[in-house]
1. For region 223-241, give me the residue count where each residue is open to solvent by less than 40 Å² (accessible area, probe 1.4 Å) and more than 16 Å from the ligand (Cβ to nearest atom).
2. Would you point out the residue of region 18-50, among those that are away from the ligand (no atom under 13 Å from the Cβ) and touching a helix residue (DSSP H, G or I) at 6+ places or on another chain (Cβ under 8 Å), that is most open to solvent (accessible area, probe 1.4 Å)?
3. Can you pull out the residues in region 185-209 that are under 19 Å from Ser303 (Cβ atoms) and either more than 15 Å from the ligand (Cβ to nearest atom) or open to solvent by 40 Å² or more (accessible area, probe 1.4 Å) (or both)?
4. Could you run through region 79-98 and say how many residues are charged (D, E, K, R), assigned to a helix (DSSP H, G or I) and near the ligand (Cβ under 10 Å from one of its atoms)?
5. Looking at Leu139, is it away from the ligand (no atom under 16 Å from the Cβ), out of contact with any helix residue (DSSP H, G or I) (no Cβ under 8 Å at 6 or more places or on another chain), among the aliphatic types (A, V, I, L, M) and open to solvent by 10 Å² or more (accessible area, probe 1.4 Å)?
6. So Leu124 passes all but one of these: (1) of a type outside the set (Ser, Thr, Tyr); (2) open to solvent by 30 Å² or more (accessible area, probe 1.4 Å); (3) within 16 Å of the ligand (Cβ to nearest atom); (4) in a strand (DSSP E or B). Which condition number does it fail?
7. Within region 99-121, how many residues turn out to be open to solvent by 10 Å² or more (accessible area, probe 1.4 Å) and within 16 Å of the ligand (Cβ to nearest atom)?
Amino acid sequence: MHCVRKINNDTFWIGGSDRRLALFENVFPIPRGISYNAYYIDDEKTVLLDTVDKSISGQFFENLVYLLGERDLDYLIVNHMEPDHCAVMGELVLRYPNVKIVGNSKTINMIKQFFDFDIDSRALIVKEGDTLNTGRHTLKFITAPMVHWPEVMVTYDILDKVLYSADAFGTFGALNGNIFNDEIEFEKDWLNDARRYYTNIVGKYGAQVMALLKKVSTLDIATICPLHGPIWRNNIAWFIEKHTKWATYAPEQNGVMIAYASIYGNTENAANILACKLANLGVKNIKLYDVSATHPSVIVSESFRFSHLVFASITYNAGIFCNMETLLLDLKAHNLQNRTVALIENGSWAATSGRQMKEILSNMKNINILNDMISIKSSVKATQIDEFDRLAKALIETMH
Ligand code: FEO
């Protein structure tokens with residue numbers, strides 16, 4: 001049975017949610033599920049904006065068939081060719097063989113890579129700034145390369161002032177009937193997942209995200225319709241501001257995140273000591289994460305949130321503990337910049353993890369690594385407590 005929601009007079013959300021998938025992109029845990037949003041415009045021409053992941057194809061076609069009624073589908077606009085949004089395109093073409101498929105030249109090439117149906121006879125190739133009139137609506141296409149793939153574009157509906165934003169402004173989390181941001185408590189219930197989605201999916205492409213934000217800043221936007229998560233129809237400036245912070249790698253909050261790798265609890269003890277010292281000196285925003293117990297996508301996201309980061313690792317196989325190494329390489333891959341970092345190493349005989357952590361971090365942009373690295377031999381001794389005091393003070397001195 002169909003399950004749709006109206007956005008404006010003749011526009012509809014026709015997506016759905018998957019609450020069964022364990023790992024998005026087969027990497028990121030999504031305990032709250034994920035939504036795949038597709039949109040329908042019931043104009044003189046019928047228009048579908050993107051499709052969905054194959055996991056919810058049944059719901060999607062129920063929705064589309066319900067809204068189309070006896071009408072044929074005239075256009076499919078493909079803003080993004082990743083399979084979580086285009087997996088059912090083959091079936092769509094079988095059901096609606098007359099459909100024109102709207103995309104840029106990169107989109108059309110990707111359709112050929114993923115599918116075998118005849119695209120050339122159906123393709124309507126558009127480029128930056130082109131428009132498509134469908135009756136009452138005029139749709140303008142704006143390219144957004146590498147937000148998150150090279151073919152990505154966004155579509156602006158001039159009539160309703162709606163930006164169909166592809167992966168931009170998306171979030172992890174299934175939708176629960178309330179699909180609009182003003183129907184939910186976004187900051188309390190969704191912001192952490194939005195940050196984790198942004199930083200892990202498009203975090204690497206800050207410059208490209210800023211280029212898109214610049215392009216759309218000239219538009220009068222009343223509504224943002226992303227491909228994942230809630231639709232934005234108020235407080236849009238607040239969410240754009242969050243994205244600007246993330247895309248420019250500016251810390252969202254002053255505070256300290258301590259990520260530690262510990263086997264028998266001694267490095268964890270060092271992390272706890274530092275946290276207490278920081279708290280004693282008045283720091284209120286402190287978070288500790290065990291890299292073995294917390295998925296790296298969470299710590300990547302938190303690293304984008306906090307201004308100050310501490311990495312504490314045992315030495316393992318003459319190197320950095322494996323989960324810590326994965327985390328640091330992940331942070332590098334996601335282009336994290338502009339942070340103050342402190343290091344703690346532990347080694348029962350030949351401690352090397354500090355030097356090796358430093359090596360990875362020194363190859364990242366504008367990472368200020370504090371000199372006062374603490375080196376522990378097996379466990380923290382009373383004689384070393386001063387070093388923790390010094391490190392806590394050094395961290396605080398760099399906070400504004
Ligand atoms: Fe939701 Fe880049 O796909």
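1. Residues flagged as open to solvent by less than 40 Å² (accessible area, probe 1.4 Å) and more than 16 Å from the ligand (Cβ to nearest atom) within region 223-241 amount to 4.
2. Selected residue: Arg20.
3. Those that are under 19 Å from Ser303 (Cβ atoms) and either more than 15 Å from the ligand (Cβ to nearest atom) or open to solvent by 40 Å² or more (accessible area, probe 1.4 Å) (or both): Leu191, Asn192, Arg195, Lys204, Tyr205, Gly206, Ala207.
4. Selection size over region 79-98: 1.
5. No, not satisfied.
6. (3)
7. Matching residues across region 99-121 total 5.
One line per residue, one yes/no per condition, for (1) in a loop (DSSP other than H, G, I, E, B); (2) out of contact with any helix residue (DSSP H, G or I) (no Cβ under 6 Å at 6 or more places or on another chain); (3) touching a residue at least 40 places away in the same chain (Cβ under 8 Å):
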site	(1), (2), (3)
Thr218	yes, yes, no
Asn234	yes, no, yes
Phe239	no, yes, yes
His243	no, yes, yes
Trp246	no, no, yes
Gly255	no, yes, yes
Ile258	no, no, yes
Ile273	no, no, yes
Lys277	no, no, yes
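The values are calculated or read from the model by the stated rules, or taken from the named source; none is laboratory data. Here the structure is a predicted model, which is why all the values come from computation and not from measurement. FYI the Cβ positions are ideal-geometry reconstructions off the backbone, even for glycines, and counts take in every protein chain you see. Surface areas here come from the heavy atoms of the whole protein model, side chains and all, with no ligands, DNA or RNA. Shrake-Rupley method; radii C 1.70, N 1.55, O 1.52, S 1.80 Å.
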